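S.K.: Before we start, here is the structure in question, set down as structure tokens.
The values are calculated or read from the model by the stated rules, or taken from the named source; none is laboratory data. From a predicted model like this one, the values you see are computed outputs, not experimental measurements. When we count neighbours, we look across all protein chains shown, and the Cβ atoms used for this are built from the backbone with ideal geometry, even at glycine. Areas reflect the complete protein model, heavy atoms only, side chains present, ligands, DNA and RNA absent. Shrake-Rupley method; radii C 1.70, N 1.55, O 1.52, S 1.80 Å.
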Amino acid sequence: MNGLSPQVAAALMAMLQAVVILLGAVLLGAVMTVVERRLLGLWQDRHGPNRVGPFGSLQLIADMLKIVFKEDWIPPFADRTLFVLAPAIAMASLLLSFIIIPITPGWGVADFNIGLLFFLAMAGINVYAVLFGGWSSGNKYALLGAMRASAQTLSYEVFMGLSLMGVVAIAGSFNMREIVNAQQGLWFVIPQFFGFCTFLIAGIAVTHRHPFDQPEAEQELADGYHIEYSGMKFGMFFIGEYVGMVLVSVLIVTLFFGGWHGPWLPPIVWFALKTSFFLLLFVLLRAALPRPRYDRVMSFGWKVCLPLTLINLLVTGAVILVVDPL
Amino acid sequence: MEIAFYLSGLVAVLATLGVITNTNPVHALLYLIVSLIAVALVFCALGAPFAGALEVIVYAGAIMVLFVFVVMMLNLSDTVEAQERAWLKPRIWLGPSVLSGVLLLTLIAILWLGDGGRVIEGETLTAKAVGSILFGPWLLVVELAAMLLLAALVTASHVGRLSSPAGSAGRREPDARKEAS
């Protein structure tokens, strides 16, 4: 190692971290597909996939093999460029958001000053995946799903940003590492409880998870915007949804539940424990809640969540000014 | 960072050209999104990452989504592409391009000569001066104009609303029907 200067070694280490985090996010997303099915089976009093390997543990490999060997078909009536581009946007914009997540004091890809805004920007870009995927398919159901998805995502992104601003105001920074450090004494879920509630709802809605999965409602739209996709392109949409779920979980942990902070155990264990708790919560929500009607979803976002976040932000600002006048 | 600045600036210019020359509306919008992201990178290279992030969030993430949304809803067919292609004939774009080229040459000449601060007569009017005049002596006129715009907004929403609540088809909430009756 004497040929490496400290800078090169540091750069290599940073690259290694980035690659490990990237692979970890994708793998966790892929594993969640199987974990979710097993857990749904458990909660709905049935078996779930339990045939491949001991306790169904190799189901993921079987699924991957199947999806890789499926014919990758592009409909002749589709807009080829956008049809191919859409799954790439879906996957890339979500994976790029992991850049800003500080996992432990020593682990994390980048330390942006605008950290949180970077996530909001990537969430904004992510809408195009659904829009282009739905439109380029040249299918009525896909278009309807894309329209629902974009309207829903736009509405819920408005107060997703606002629900995070309380955290930013208390921590005094967009930088994720500083936000985590500001939670040394008190997790932000306590002073920002309404911010947490609305962010959780918005996070579910933006990743189109149940109960906000009207864009891909199987019973009405036959899978919505990715109806024409097959093979690995569908796989990217599918895994992308789970990667989004992982992303929202780690964001909730970082922003509201103190990130790596916790007694006794090492930071990485705390981070993993908290993240898996929220992943399980996502699955439990899917198992437990019925799907509301689409117009109710929209009016709930605009009439309940948006005013709630605005009032939360107003009160947070007032409290900060009273407690700590500039 | 200079390389990043020039590269993303080049991408922005090329993507904007793509917006103009592309005949498919959705593809043109895709170019516009690329152009906006490139401009955001230019902001970052200039040391304003906050402005860059807002550019992506507000323009690429919200406003352009509405554009794409509307274009998708319009269900534009091949006739539109044919029309666009007809509009892109040299006979149509040559005149405006020559005039714009003259303006570009003027701009480059002014920058080249380096006397951008000099004006024909008087002083350069800054945004601050305009603002303090508008909200100083002319405050009353500005407020009146604001009221006029508000009245126009109300009128537009009145004219654009559905003809009658009873006549509008579609499912509604039971309590909404109660309110209407």
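S.K.: Report the accessible surface area buried between chains B and A, summing both sides, using a 1.4 Å probe on protein heavy atoms only, in Å² rounded to the nearest 100.
M.R.: Using a 1.4 Å probe, the pair buries roughly 2000 Å².
S.K.: Related question: What are the residues of region A:116-130 that lose 40 Å² or more of accessible area, with a 1.4 Å probe, going from their chain alone to all protein chains?
M.R.: Residues meeting the cut-off: A:Leu117, A:Ala121, A:Ile125, A:Tyr128.
S.K.: In region B:37-95, what percent of the accessible surface is made up of carbon and sulfur (1.4 Å probe, ligands and nucleic acids excluded)?
M.R.: C and S fraction of accessible area: 73 percent.
S.K.: Could you work out the mean count of beta carbons from other protein chains within 10 Å of each residue's beta carbon in B:63-71?
M.R.: Across the residues of B:63-71, the mean count of other-chain Cβ atoms within 10 Å is 4.
S.K.: Please report the accessible area of A:Arg296 (heavy atoms, 1.4 Å probe, ligands and nucleic acids excluded) in Å², nearest 10.
M.R.: 110 Å²
S.K.: Of the listed peptides A:186-196, A:114-124, what is their order by residue-averaged count of other C-beta atoms within 10 Å, with the highest listed first?
M.R.: The peptides rank, most packed first, as A:114-124, A:186-196.
S.K.: Of the candidates A:Gln183, A:Gln17, A:Gln44, which one comes out as most mobile in a Gaussian network treatment of chain A with C-alpha springs shorter than 10 Å?
M.R.: Comparing A:Gln183, A:Gln17, A:Gln44 in a Gaussian network model of chain A, the most mobile one is A:Gln44.
S.K.: Here's another thing I want to ask about it. Could you work out the per residue convex hull volume over the alpha carbons of chain B, in cubic angstrom?
M.R.: So the per-residue hull volume is 253 Å³.
S.K.: Further question on the same structure: Just checking the output field for B:44-53: average partner chain Cβ neighbours within 10 Å of each residue's Cβ?
M.R.: For this peptide, the per-residue mean of nearby foreign Cβ atoms is 3.
S.K.: Hey, can you rank A:127-133, A:288-294, A:99-105, A:255-261 by average C-beta count inside 10 Å, highest first?
M.R.: A:127-133, A:255-261, A:99-105, A:288-294
S.K.: What is the ratio of the Cα radius of gyration of region B:20-73 to 2.2 N^0.38 Å, with N the residue count, to two decimals?
M.R.: 1.21
S.K.: Rounded to the nearest whole Å², what accessible area per residue is found for region A:72-213 with the 1.4 Å probe?
M.R.: 33 Å²
S.K.: With a 1.4 Å probe and every protein chain kept in, tell me what percent of the accessible surface of region A:6-323 is carbon plus sulfur.
M.R.: The computed percentage sits at 73.
S.K.: Roughly how many Å² of A:Leu65 are accessible to a 1.4 Å probe, to the nearest 10?
M.R.: About 100 Å², rounded to the nearest 10.
S.K.: Once the Cα atoms of the protein assembly as shown are picked out, what are the Rg and Dmax in Å?
M.R.: 26.2, 87
S.K.: As I understand it, the value is the acute angle between the Cα axis of helix B:2-21 and the longest principal axis of the Cα atoms of chain B; what does it come to in degrees, rounded to 10?
M.R.: It is inclined by approximately 50 degrees.
S.K.: Which residues of region A:133-163 show a drop of at least 40 Å² in accessible area when all protein chains are present, compared with their chain alone (probe radius 1.4 Å, heavy atoms only, ligands and nucleic acids excluded)?
M.R.: SASA drop of 40 Å² or more in region A:133-163: A:Trp135, A:Met147, A:Leu154.
S.K.: Now for a separate question. For chain A, list the DSSP H helices whose alpha carbon atoms reach 20 Å or more along the long axis and whose average Kyte-Doolittle value is 0.0 or above?
M.R.: Qualifying helices: A:6-43, A:80-97, A:115-136, A:140-171, A:231-256, A:267-288, A:306-323.
S.K.: Might you tell me the accessible area per residue for region A:235-326, computed with a 1.4 Å probe and given in Å²?
M.R.: Computed with neighbouring chains in place, this is 49 Å² per residue.
S.K.: In deg cm²/dmol and to the nearest 500, what is the mean residue ellipticity at 222 nm of the protein assembly as shown if only DSSP H runs of at least 4 residues count, each as -39500 (n - 2.57), divided by the residue total?
M.R.: -23000 deg cm²/dmol
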